[in-house]
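Heads up, the thing below is written out as C-alpha cells.
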Amino acid sequence: MYVHQYQKKIKGEIMDKMKVLIADQINEKGIIELEEVADVVVDTDITKEELVNVIKDFVGIIVRSRTKVTREVIEAAPKLKIIARAGVGVDNVDVSAATEKGIMVVNAPESTSITVAEHTMGLILSIARKIAVADKSVKEGKWEKSKFMGIELNGKTLGIIGMGRIGSQVVTRAKSFGMEIIVYDPYITKEAAAELGVTVVDLETVLRNSDIITIHVPLTPETKHLISKDEFEIMKDSAFIVNCARGGIINEKDLYDALESGKIAGAGLDVFEVEPPVDNPLLNLDNVVVTPHIGASTSEAQRDAAIIVAKEVKNVLEGSSPKNVLNMPVIDPKTLQTIKPYFELSEKLGNFLIQVAKGNINEINVTYCGELAELPKKDILTRIILQEILNPILTEPVNLVNAPAVAEKRGLIITESKRKDAKGYNSLIKVEIVSKDSKISVEGIFVKEPKIVMINGYKVDVKPEGTMMIAKYTDLPGTIGAIGTKLGEYNINIATMQVGRKELGGEAVMVLKVDEKVPKDVIDELKKLEHVYDAVAVNL
Ligand code: NAD
C-alpha cells in the first residue's frame, strides 16, 4: 500500500482527515477531487486478506470491479460510511450487508451514457456505410468501390426502443444527422418525450416504420427476446438493428435467420447472449458489425465515473447527501415497528400495479386512509411502492433511498395524501397509476397478512400472492363460464375466483388465482372472448 503522491505533498496538513481507500485504478481527477477533504490512500493491488485487515481505519472506499467488497470486509469496517463504485454495476459489492450496517453504496450511473450513445452512432454509421467490411477488403489489397455502396442517415427514421439515459443521448446525436426519430418506451411521460422532441409510438409502429432500430432497455423478463421472429417479420427488409444494451434482448437465432434470408439488411452488436460469443454464426455474416462489449469503454467515461463518485464520497464526508445512493436509509427501531406491517402490503400493491398498468405512466398517487394516515414516516411506504413500480422497468436498481429521485428525474408526478375514511377497515392504502389514456387503482389492507380489497373501484378480497389472472368483462350470463372453459382448454387450473361489479349487467372485474403461469397467447385468447374486453396475468 502506498500513500498517493498528492496526499504525500500535503501529508502534514491532512493527518487528521478521514481516510478513504481507493482500491482499484480510477482516474486521477477523482483522486484530486477527494483530496480536498480526505486522507486518500491508493492501493490498487490490495488483496482480499489485506483489505479485511486495513478497512477498519477507513470511512470510505472507492472500487471499480476488481475489488470485492464482501460481507467479511464490511463487517471488519466499523468506521465505513460509504462504498463507492466508479461505474454502474455493483455486483462486486454486498449491498445487503452494507445496508444492514447502514453503509451507503453509491455508483455513477450517468457516467457512461454519452460514451454508449456515441458507440451506438458508430455502429449505425459502420453498417450504413459498410465501414468494417470495406476496411477488411482494402487491407486485403482490394479496391471494391462499387461493392460498398451505402445509405445516408439524413432523412431516415431511427426507432429507439427505451428512452432512458442512453436512449436520450442517442436522440440528440441522431437529430444532428438529420434523422426522424420515433420512440417506443411505455414508461416515459409525455412531458419527457416532448422535452426531447420525439414521437412516442407503440412497438409495432417502431418496427414497421424504422430504417434503423436501436435498443436501449435493460434486460428484464419483459425485454428478454423482445425482438424475435415476429418482430423481424414486421420490419422493413432494408432495416438495420443495433444492440448496445444487453445480449438476450434480441433473439440471436431469429436475428441470424432474418439476416441470412434478407428479411432485414444488417445488424450492429456490442453485446451477445453469451459473451464472449463462441461459435456464434452471426460472426460469419458480412452484414453484421460487432464489437466486444466496449460500449462504455472510453477514458472519458472512466474519468467521469471517478469524478462523480469522488464528489459523492466528498458529500458524505462533509455531511450532505449523495445523489446516487443505491441502498436503504436507516430507520429508527420505534418507527420501524409501527410501520413495518405495511411494508409487505406496499410492496404487493406496487408490484401488482406495474403488471396491470398500461401506457406511459404520468402520475402515481398514494392515499393513506384511517389510522395509518396518522402514523409517522409513511413516506417510506411510498418509497417502497415507487421502488416496486420502477424497478422492473429501469436498469439502475431503484431502492428506498433513490426511488423518489428516480421518479422525479423521469418527470413522474407523485402525490401522497391522507384520508380519514378507510372504507370500514382500520387502515387502507390506495395506489393509483395515471397513464396517458387510462387510470388504474388498487387498494389494500393489512390484517395479519396483506390483502387486496379493491381493484379500480370494484370490491374484491384477494391475497396478493402466486399467479393471478384479472379480466374486465361485461357482467352477462355465460362470460365467467367462457373464461373458465378457455383456461381449461389450456390446462390452467383455477384455484379461486373473485368477481366484483358495480351494477347488474354492467362492467365487472374477475380475479382468478391460478395454479400455473398464464402464457401471453392464452391471455390473447381470453381477450378475444365475447364480452371480455381486457385480461392480464399478474405474478406476485
Ligand atoms: P435507463 O434505465 O436510463 O433506461 C432504460 C429505459 O428503458 C427506461 O426509459 C425504461 O422506461 C425503458 N424500458 C424499460 N422496459 C422497457 C420495455 N419493455 N420496452 C421499452 N422500454 C422499456 O438505462 P440506460 O442507462 O439508458 O441503459 C440502457 C441499456 O444500456 C441497459 O441495458 C444497460 O445495461 C445498457 N448498457 C450497455 C453498456 C455497454 O457497454 N454496451 C454500457 C452501459 C449500459
Answer yes or no: is there a residue in the stretch 506-518 that is farther than 18 Å from Asn456 by Cβ, in contact with a helix residue (DSSP H, G or I) (Cβ under 6 Å, 6 or more places away or on another chain) and either among the hydrophobic types (A, V, I, L, M, F, W, C) or touching a residue at least 24 places away in the same chain (Cβ under 8 Å) (or both).
no
Considering only the stretch 199-217, I want to know if a residue exists there that is modelled with pLDDT under 95, more than 12 Å from the ligand (Cβ to nearest atom), surrounded by fewer than 21 Cβ atoms within 10 Å (Cβ to Cβ) and not in a loop (DSSP other than H, G, I, E, B).
yes
List the number of the failed condition for Thr415; all other conditions in (1) over 27 Å from Leu512 (Cα atoms); (2) touching a residue at least 60 places away in the same chain (Cβ under 8 Å); (3) hydroxyl-bearing (Ser, Thr, Tyr) hold.
(2)
In this structure, does Lys190 turn out to be over 21 Å from His119 (Cβ atoms) and in contact with a strand residue (DSSP E or B) (Cβ under 9 Å, 6 or more places away or on another chain)?
yes
Kindly indicate whether Gly466 is of a type in the set (Gly, Ala, Ser), in the same structural domain as Val431 (by TED's automatic domain parsing), surrounded by fewer than 18 Cβ atoms within 10 Å (Cβ to Cβ) and over 17 Å from Asp534 (Cα atoms).
yes
Any residue at all in the stretch 379-402 that is in a strand (DSSP E or B), surrounded by fewer than 22 Cβ atoms within 10 Å (Cβ to Cβ), among the β-branched types (Val, Ile, Thr) and out of contact with any Cys (no Cβ under 6 Å at 6 or more places or on another chain)?
no
Out of all the residues in the stretch 135-162, which are on the phi > 0 side of the Ramachandran plot and either within 16 Å of the ligand (Cβ to nearest atom) or under 41 Å from the mean Cα position of the chain (by Cα) (or both)?
Gly155, Gly162
Evaluation of Val171 against (1) at pLDDT below 95; (2) surrounded by fewer than 23 Cβ atoms within 10 Å (Cβ to Cβ); (3) under 17 Å from Arg410 (Cα atoms) (one fails), failing number:
(1)
Just the residues that are part of a strand (DSSP E or B) and in contact (Cβ under 8 Å) with a residue 24 or more places away in the chain, please, taken from the stretch 418-440.
Lys418, Arg419, Ser427, Leu428, Ile429, Lys430, Val431, Glu432, Ile433, Val434, Ser435, Ile440
Taking the stretch 104-139 and keeping only residues that are touching a strand residue (DSSP E or B) at 6+ places or on another chain (Cβ under 6 Å) and assigned to a loop (DSSP other than H, G, I, E, B), one is left with Asn107
Of everything in the stretch 411-426, what is surrounded by 14 or more Cβ atoms within 10 Å (Cβ to Cβ) and closer than 17 Å to Gly350 by Cα? Give them in sequence order.
Leu412, Ile413, Ile414, Glu416
For helices (runs of 4 or more DSSP H) lying entirely in the stretch 227-321, having 1 or more residues that are under 16 Å from Val88 (Cα atoms) picks out 299-317
Any residue that is modelled with pLDDT under 95, of a type in the set (A, V, I, L, M), over 30 Å from Asp521 (Cα atoms) and away from the ligand (no atom under 16 Å from the Cβ) - is there at least one of those in the stretch 270-282?
yes
State all residues of the stretch 229-246 that are within 15 Å of the ligand (Cβ to nearest atom) and touching a strand residue (DSSP E or B) at 6+ places or on another chain (Cβ under 8 Å); if no residue qualifies, say none.
Ile241, Val242, Asn243, Cys244, Ala245
Residue check, Val95 within 16 Å of the ligand (Cβ to nearest atom), surrounded by 18 or more Cβ atoms within 10 Å (Cβ to Cβ) and closer than 16 Å to Glu396 by Cβ:
no
Test: Lys253 is among the basic types (Lys, Arg), in contact with a Phe, Trp or Tyr (Cβ under 9 Å, 6 or more places away or on another chain) and away from the ligand (no atom under 12 Å from the Cβ):
no
Looking at the stretch 327-340, is at least one residue assigned by TED's automatic domain parsing to the domain that holds Tyr425 and buried (at least 16 other Cβ atoms within 10 Å of the Cβ)?
yes
For Glu28: the one exception among (1) at pLDDT 95 or above; (2) more than 27 Å from Val401 (Cα to Cα)
(1)
Quick one: what pairs do we get from the stretch 272-285, first residue more than 17 Å from Ile215 (Cβ to Cβ), second of a type outside the set (Lys, Arg) and in a loop (DSSP other than H, G, I, E, B), C-beta under 7 Å, 6+ apart or different chains?
Pro276/Pro292; Asn280/Phe272; Leu283/Pro277
Residues that are part of a strand (DSSP E or B) and in the same structural domain as Thr338 (by TED's automatic domain parsing): does the stretch 516-526 have at least one?
no
Could you identify the single residue in Val398, Val356, Val434, Val366 that is within 13 Å of the ligand (Cβ to nearest atom) and either within 18 Å of Phe446 (Cα to Cα) or among the aliphatic types (A, V, I, L, M) (or both)?
Val398
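Rundown of residues vs (1) farther than 20 Å from Gln169 by Cα; (2) over 23 Å from the mean Cα position of the chain (by Cα), yes/no style:
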site: Ser238; (1), (2): yes, yes
site: Asn251; (1), (2): yes, no
site: Tyr256; (1), (2): yes, yes
site: Glu260; (1), (2): yes, yes
site: Ala265; (1), (2): yes, yes
site: Gly268; (1), (2): no, no
Condition test on Val116, is it within 16 Å of the ligand (Cβ to nearest atom) and not assigned by TED's automatic domain parsing to the domain that holds Ile213?
no
Would the stretch 163-173 turn up any residue that is within 30 Å of Leu400 (Cβ to Cβ), free of Cβ contacts under 8 Å to residues at least 60 places away in the same chain, within 16 Å of the ligand (Cβ to nearest atom) and not in a helix (DSSP H, G or I)?
yes
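The values are calculated or read from the model by the stated rules, or taken from the named source; none is laboratory data. The structure displayed is predicted, hence computed values, not measured ones. Cβ atoms come from the backbone with ideal geometry, glycine included; neighbour counts cover every protein chain shown.
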